[in-house]
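Asks: Quick one: structure below, then a few questions.
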Amino acid sequence: MSAAPMIPSPEAYFGKFLPARDPLLQHMEQEAQRENIPIVGPVVGELLYLLTTLGQARRVLELGTATGYSTLFLARACSAFGGRVLTVENDPQMAARARANFQTADLADTIELRQGDALEVVRGLGEPFDLVFMDIDKSFYQPALPDCRRLLRAGGLLVADNTAFRDADGFNRAIAADRGWRGLHLYAFLPGHSPEKDAVTLALRI
Ligand SMILES: C[S@@+](CC[C@H](N)C(=O)[O-])C[C@H]1O[C@@H](n2cnc3c(N)ncnc32)[C@H](O)[C@@H]1O
């Protein structure tokens, strides 16, 4: 029996099925491309929107804001049921640009941006979160993991971007070795993501 045919050139094919974005997100994508700002792009952005909505996550923590592109997907999802996002960025220029984008999106009341080092900020937090999105320098993923685990409620979700980067290896192994996580690494073609072939890790806090 011959195998059922697959779609030829799947990257060209699936690259056409991008989620719709408003003019602000499109502007931020163009800016990111021009200035080499490594944003999650529309596919991972939509994934964040869906995961936040499915989990009804009302307390969302993001590490690594840049201009706030991914933050807008998180905030738009959780604001539908009264949720809020706390996002952390250490670069003051990025933080200022993100704040301006949150104003433009009319989400300044839904998002709190703390400017500072994510490792220090998470160390000082005590409140539980339903969802944590990690998108800082990959070498900080593993050091930030114990605090993310402490801050996530049981049944909460950790999402980590760029886990196909070599610097994420320790983080990936730590997730696999700890029975307190139920983790999954999705290596995929992600149009508009930086880079377009990368992994996103999802880990449920047991
Ligand atoms: C990949 S970009 C974030 C992209 C953003 N999440 C998006 O998709 O729109 C990473 C950002 O994290 C910031 N960053 C890196 N290490 C950090 C740290 N230790 N603490 C806080 N921010 C950090 C960088 O300045 C950069 O703006």
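The numbers here are math on the coordinates, done by the rules we state, and not lab data. All figures in this text were calculated on a predicted structure; none of them were measured in a lab. Here the Cβ is made from the backbone with ideal geometry for all residues, glycine too, and neighbour counts use every protein chain on show.
Asks: Rank the residues R76, R173 as a footprinting-exposure proxy: fewest other Cβ atoms within 10 Å of their Cβ go first. Numbers along the way, then the final one.
Replies: Numbers: R76 20, R173 11.
In order of increasing Cβ crowding within 10 Å: R173, R76.
Asks: Within the chain, what's the longest stretch lacking chymotrypsin sites (Phe, Trp or Tyr not before Pro) that sit in DSSP loops with no more than 15 other Cβ atoms inside 10 Å?
Replies: My reading of the result: 82-206 is the longest stretch.
Asks: Enumerate the calculated ³J(HN,Hα) couplings along the range 104-119 in order (Karplus 6.51 cos²θ - 1.76 cosθ + 1.60, θ = phi - 60°), each rounded to whole Hz, writing x wherever the residue is Gly or Pro.
Replies: Rounded to whole hertz, the list is 4, 7, 6, 10, 4, 7, 8, 10, 10, 9, 9, 8, x, 7, 4, 5.
Asks: With θ set to phi - 60° and the Karplus curve 6.51 cos²θ - 1.76 cosθ + 1.60, what are the ³J(HN,Hα) couplings of the range 33-42 in order, to the nearest whole Hz, using x for Gly and Pro?
Replies: Whole-Hz 3J(HN,Hα) from phi for the range 33-42: 5, 4, 9, 6, 8, x, 8, 6, x, x.
Asks: Got a sec to turn the phi values of the range 15-21 into Karplus ³J(HN,Hα) couplings, 6.51 cos²θ - 1.76 cosθ + 1.60 with θ = phi - 60°, whole Hz, x for Gly and Pro?
Replies: x, 8, 9, 7, x, 5, 10
Asks: Can you pull out the GluC sites (Glu not before Pro) in the range 43-99 that DSSP calls coil and that have at most 11 other Cβ atoms within 10 Å? Walk me through the numbers on the way to the answer.
Replies: Details: sites: E46, E62, E89; in loops: none.
Sparse-neighbourhood loop GluC sites (Glu not before Pro): none present.
Asks: When Lys and Arg each count +1 and Asp and Glu each count -1, what net charge do the other residues less than 13 Å away from P23, Cβ to Cβ, add up to?
Replies: Once all neighbours under 13 Å are counted, the net charge is -2.
Asks: If the elastic network links every pair of Cα atoms under 10 Å, which of L61, L107, L158 fluctuates the most in the Gaussian network model of the chain?
Replies: Largest GNM mean-square fluctuation: L107.
Asks: What's the extension gain from Q103 to Y13 if we count 0.36 nm per residue and subtract their Cα-Cα distance?
Replies: Stretched fully, the Q103-Y13 segment lengthens by 28.9 nm.
Asks: Which FRET efficiency, nearest 0.05, do D22 and R123 yield, Cβ-Cβ r, R0 41 Å?
Replies: Values: r = 36 Å, r/R0 = 0.87.
Approximately 0.70, to the nearest 0.05.
Asks: Right, something else. How big, on average over all directions, is the shadow cast by the Cα convex hull of the range 118-206, in nm²? Provide the component values of the computation, followed by the final result.
Replies: Working: hull surface 21.4 nm².
Across all orientations, the range 118-206 yields a mean hull projection of 5.3 nm².
Asks: Return the long-range amide H neighbours of T87 (sequence gap of 5 or more, or a different chain), with a cut-off of under 5 Å between placed amide H atoms.
Replies: Placed amide hydrogens put E62, E112, L113, R114 under 5 Å from T87.
Asks: Hey, another quick one. Using a Debye calculation, one point per C-alpha and no hydration shell, please list log10 I(q)/I(0) for the chain at q = 0.13, 0.18 Å⁻¹ in order.
Replies: Values returned for q = 0.13, 0.18 Å⁻¹ are -0.68, -1.32.
Asks: Only Cα pairs within less than 10 Å get springs; with that Gaussian network setup on the chain, which residue of V85, V43, V132 has the largest fluctuation?
Replies: In the Gaussian network model the winner is V43.
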